[in-house]
Amino acid sequence: MTQDERPSGASTKQRVFGDQKKASGDPFLVPFFETAVEHIWGGVWNRPGLELKYRSLVVVSVLAAIGQNEELKRHLHGALNLGWTGDELREALLQIGGYAGFPAAHEALRALSEVVTQR
């Protein structure tokens, strides 16, 4: 797939998260978020070699390991949208306990429980 054939960052982000409300944030940050969408969602997420579903699991695992729980919740919703089950995500988050620590796994599992309960 050539660069021109890749989906846009916005369309890839929508595939993961579904329709998103336009956030009314700080206009000063708009260039940052536009750049992030095109480089991360349009670039990294669209590389060949891993399906979106597996990229999502990688991101969930990393966010859980580094304790980014608010962003983790968004990506847990996305992982569920891409076909992961709550049970599969729970197993992935249990797995990080041995490597990132049980407190990180505990917080991530609490986030997953909240997300699954909301759905």
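The values are calculated or read from the model by the stated rules, or taken from the named source; none is laboratory data. The structure presented is a predicted model; accordingly, all values stated were derived computationally and were not measured. With ideal geometry, Cβ positions are generated from the backbone for all residues, glycine too; neighbour counts draw on all protein chains shown. Note: accessible area is taken over every heavy atom of the protein model, side chains too, but ligands, DNA and RNA are not part of it. Shrake-Rupley method; radii C 1.70, N 1.55, O 1.52, S 1.80 Å.
Descriptive notes on the structure:
- Segment 80-119, subset open to solvent by less than 30 Å² (accessible area, probe 1.4 Å) and free of Cβ contacts under 8 Å to residues at least 24 places away in the same chain, residue farthest from the chain's Cα centre (by Cα): Gly101
- Spans of helices (runs of 4 or more DSSP H) in segment 1-108 with at least 3 residues within 18 Å of Arg119 (Cβ to Cβ) and not hydrophobic (A, V, I, L, M, F, W, C): 69-81, 86-100
- The residues in segment 34-77 that are farther than 18 Å from Gln14 by Cα and surrounded by 19 or more Cβ atoms within 10 Å (Cβ to Cβ) can be counted, and the count is 3.
- Subset of segment 73-86 [farther than 13 Å from Phe17 by Cβ and not aromatic (Phe, Trp, Tyr)]: Gly83, Thr85, Gly86
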